[in-house]
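This report refers to the structure that appears directly beneath it.
Quick note: the coordinates plus some simple rules give every number you see, no bench work behind them. Fair warning: this is a prediction, and the values are worked out from it, not measured in the lab. Cβ placement follows ideal geometry from the backbone for every residue including glycine, while neighbour counts extend to all protein chains displayed.
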Amino acid sequence: MSETVPGEFAAERDPLTGLAGIAAVRARLDQWNGQKRGEGEGTRLHALLLGLRRFDTVNLAYGQSAGDAALIAVAARITQFAGRELDGPWLAARTGGSNFILIANEACSRQRWQLFAGQLADLLARPIVLPGAEVRLSPRAALLRGVGGEGAESVLDRLSQTFENMGRQSSRRLAWADGETTRPGRTSAQLEADLLHAIDGGQIEVVFQPQFALPEDVLTGAEALARWNHPRLGRIGAGALFAIAERADHVAPLSSHIARLALESAKAWAAKLRLSLNVTPIELASEGFSAELLSILDETGFPCSQLTLEVTEQALVSDIALAARTLALLSDKGVRVGLDDFGAGFCNFRYLKLLPLHYLKLDRSMIDGITGEGRDLAVFRAILAMAKALGLQVIAEGIETEAQRLAIAREGCDFYQGFLRAKPLSALAFSALAGRLPGNAA
């Protein structure tokens, strides 16, 4: 559940990345600080200040335009990861240069926030492929858990001091604002071992983010999202879960397990609603992926015609020809295909020519400013026009205000999802919602 930039600070949004500015961060921290917590409830305020080591060398080596493009990609990775990992409100901002801040109003253990920061750093360290260049970045982050009654200036000052101190110790990637580099937690090896037991132990859960059709505003389906209910660390989101699975060479069995759980739940929905599954790069690079998925569909009895596969550009980078063949085979069986996170990072329009697409799913960054910024609305209209010309339907994610919903409906967007109508729901809760608000599958 991302936090949109407060209206009074919309003009201060970073012009390069579209993220919030520091004034919005201060306002949000003060707002959260004023909220009452339940009796016995611990801190919910978590923050991290993230910077990229020696980023000036990127500009020197590849030029200013490549550096700007890399910062845009970093901002997109931060927002996408936070959107998948955090269940409570959060806000991402660029604080200047190559520094970013992320704040969250999230029930979260210290170990869990440390794991979140480490996984985000891993994600940002992955190569960023630009025209004529492959940029590798070296992120580091200062972490903080708020204390009772702590104001915005105290939070920002503690983060800044910690981050400045890290600069004198180049080997440190993560440091806590209380002076500790890290606290003992689960090592990477322990987490990988834990994951091997998680499937059989029933720790993997699938939740469902409802999707609604426009302009009728009726329930039309849901996106399946994986969660790992770790017995010590608490709930771990899909991004960190699959990063751990990749290190443990366990992506294939994990993905199959998640697909079965989601399809079994969806088969029991009262209405004929659509189910969307995310496809990982490793799955799409596997020659046997289509056969495995069709086998699971056959086992569960879920109709191919009601399934949508959501793929990101990251999943297409390694072998676009293989991805096109795999998706075409599944499309021939009735499975629909959506290009996820469109507008975040670099939209390779070649994909629109080569892949058997049915949907474009717009990243939340393409929606955030459409109710107040004429330029943002113009870009949104241009994407819709292109999609219609290609015969594609458009799904907007991250809809969190009624003004946003009305704006995208007025422009002719087909579907949306977001916290305006519902947060991710358990299988039981989504079935209840489907029973109350039956829609027609798209």
Check: Can you give the angle from 0 to 90° between the axis of helix 238-247 and the longest principal axis of the chain, with both taken from C-alpha atoms, to the nearest 10?
Finding: 90
Item checked: Residue order, fewest to most surrounding Cβ atoms within 10 angstrom, among I370, I78 -> I370, I78
Check: Got the relative contact order for the range 7-176 handy, in percent, Cα pairs under 8 Å and 6 or more residues apart?
Finding: 30
Check: Of [x] 25.9, 81; [y] 27.4, 89; [z] 21.2, 60, which is the value of Rg and Dmax of the Cα atoms in Å derived from the coordinates here?
Finding: [z]
Notebook entry, point to check: Which order do K272, K423, K361, K353 fall in if you start with the one that has the fewest other Cβ atoms within 10 Å?
Noted result: K353, K423, K272, K361
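Compute the length gained on full extension between E299 and Q190: take 0.36 nm times their separation in residues and subtract their Cα-Cα distance, giving the result in nm to one decimal.
Working: separation 109, 0.36 × 109 = 39.24 nm, distance 3.31 nm.
The E299-Q190 span can extend by a further 35.9 nm.
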Next item on the list: Would you please give the FRET efficiency between L352 and N99, computed as 1/(1 + (r/R0)^6) with r the Cβ-Cβ distance and R0 = 35 Å, to the nearest 0.05?
Entry: 0.55
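For the chain, what is the percent of antiparallel DSSP beta bridges, rounded to the nearest 5?
Details: 39 of 64 bridges.
Roughly 60 percent of the beta bridges in the chain run antiparallel, per DSSP.
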Checklist line | Set of lysines with alpha-carbon distance to K388 below 17 Å, sequence-local pairs under 8 removed | finding: K353, K361
Next item on the list: Give me the angle, in degrees from 0 to 90, between the Cα long axis of helix 64-85 and the longest principal axis of the Cα atoms of the chain, rounded to the nearest 10.
Entry: 70
Check: Roughly how big is the chain's charge dipole about its Cα centre, with Cβ charges of +1 (Lys, Arg) and -1 (Asp, Glu), in debye to the nearest 20?
Finding: 300
Notebook entry, point to check: Could you give the angle, 0 to 90 degrees to the nearest 10, between helix 22-33's Cα long axis and the longest principal axis of the Cα atoms of the chain?
Noted result: 90
Check: Quick one: length gained pulling A291 to V218 fully straight, 0.36 nm per residue minus the C-alpha distance?
Finding: 23.0 nm
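Sort the range 76-217 into rounded, prolate or oblate with this rule: let a ≥ b ≥ c be the square roots of the eigenvalues of the Cα gyration tensor; rounded if a/c is under 1.5, and if a/c is not under 1.5, prolate when a/b is larger than b/c, oblate otherwise.
On the way: a/c = 1.32, a/b = 1.24, b/c = 1.07.
Cα axes put the range 76-217 in the rounded bin.
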Margin query: Tell me which of L143, I236, Q161 sits at the most positive position along the dipole axis of the chain, charges placed on C-beta atoms (Lys, Arg +1; Asp, Glu -1).
Written below: Q161
